[in-house]
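Pasting a structure here, questions to come.
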Amino acid sequence: MNDASSMALTGHLRELRSRLTRAVLCLVLGFAACYAVSGSLMEWVAAPLKSQLEADMPMIFISLPEVFFARLKVAFVAALFITSPYLLFQLWAFVAPGLYQNERRFFLLFLVGSVVLFIIGGLFAFAFVMPLAFKFFLGFAGPDLVAYPTMQLYVSLVLRLAIAFGLTFEVPLICILLVKLGAISCDAMARQRKWVLVGAFVLGSVLTPPDVISQVLLAIPMYLLFELGVLVARRFEQKEYAETASG
């Protein structure tokens, strides 16, 4: 390696370290701020379950540090969402100088779109899926079987559902990225519809609690988002083909 290449590599490593430091510092500050209001965040997270519980039915904790660790989880995830624009900006600022103009535009849209779709997926789970799923679970209660949800297990379930649906809503971007990279064509992707549908229900059974409602509410949007991804990717494919033909 010559001196110029060594200096360039050193410069890249120095910039990477600088941007990672800024990102970590931002995340730590965001976590501290979110933990300071973790009580309010916990109330917001508990809202889907409390809407299905009777008025006098409390949530409980059975180990001393349970609520503390539950608050840590909620504060960290909230900080990750809040600071994600700045974190993605650091990634963009590091990668963008090495990309062509059209690649920069696509990469930026991909980053912004992934965050927006992930948040929409999490909110969809929080607003629609969780109340239905919790109503189903609580339906097994009776005179001799009373539900007393523990805070830590409930928070883990909420985060699992939110992350599962957030990732599910990334399906259109994955389809577009695969076509953009030339890994698969839109026609080949469309021919796999039946397998995608089967895979959606399989993933639904793995990523969600063992009830039909949450599995179906994950599988159906996943398949519809796949169809949307194929449709948008086809537009990208046709546009690139037209640009290539005209060039």
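The values are calculated or read from the model by the stated rules, or taken from the named source; none is laboratory data. Because the structure is a prediction, the values reported are computed rather than measured. Cβ placement follows ideal geometry from the backbone for every residue including glycine, while neighbour counts extend to all protein chains displayed.
Considering only the range 46-70, state which residues are free of Cβ contacts under 8 Å to residues at least 60 places away in the same chain and part of a loop (DSSP other than H, G, I, E, B).
Glu54, Ala55, Asp56, Leu64, Pro65
Just wondering, is there one or more residues in the range 221-232 that are over 16 Å from the mean Cα position of the chain (by Cα) and within 30 Å of Phe68 (Cβ to Cβ)?
There is no residue in the range 221-232 that is over 16 Å from the mean Cα position of the chain (by Cα) and within 30 Å of Phe68 (Cβ to Cβ).
Which of the residues that make up the range 126-172 are of a type in the set (Gly, Ala, Ser), out of contact with any helix residue (DSSP H, G or I) (no Cβ under 6 Å at 6 or more places or on another chain) and either assigned to a loop (DSSP other than H, G, I, E, B) or on the phi > 0 side of the Ramachandran plot (or both)?
Passing the criteria: Gly139, Ala141.
Can you name the number of the only condition in (1) touching a Phe, Trp or Tyr at 6+ places or on another chain (Cβ under 7 Å); (2) surrounded by fewer than 18 Cβ atoms within 10 Å (Cβ to Cβ); (3) among the charged types (D, E, K, R) that Arg71 fails?
(2)
Against the condition out of contact with any Leu (no Cβ under 6 Å at 6 or more places or on another chain) and under 30 Å from Ile62 (Cβ atoms), how does Gln215 come out, does it pass?
Yes: the conditions hold for Gln215.
Only one of Phe31, Phe106 is in contact with a helix residue (DSSP H, G or I) (Cβ under 9 Å, 6 or more places away or on another chain) and either at pLDDT below 85 or within 30 Å of Leu132 (Cβ to Cβ) (or both); which?
Testing whether each residue is in contact with a helix residue (DSSP H, G or I) (Cβ under 9 Å, 6 or more places away or on another chain) and either at pLDDT below 85 or within 30 Å of Leu132 (Cβ to Cβ) (or both) leaves just Phe106.
Does at least one position in the range 91-113 carry a residue that is farther than 19 Å from Cys34 by Cα and in contact with a Gly (Cβ under 9 Å, 6 or more places away or on another chain)?
The answer is no, given that none of the residues of the range 91-113 is farther than 19 Å from Cys34 by Cα and in contact with a Gly (Cβ under 9 Å, 6 or more places away or on another chain).
Is the range 94-104 home to any residue that is under 24 Å from Ala47 (Cβ atoms) and either assigned to a helix (DSSP H, G or I) or of a type outside the set (A, V, I, L, M, F, W, C) (or both)?
no
Residue by residue through the range 178-204, note down the ones that are of a type outside the set (A, V, I, L, M) and exposed (fewer than 15 other Cβ atoms within 10 Å of the Cβ).
Gly182, Ser185, Asp187, Arg191, Gln192, Arg193, Lys194, Trp195
Residues that are surrounded by 13 or more Cβ atoms within 10 Å (Cβ to Cβ) and under 28 Å from Phe137 (Cβ atoms): does the range 88-111 have at least one?
no
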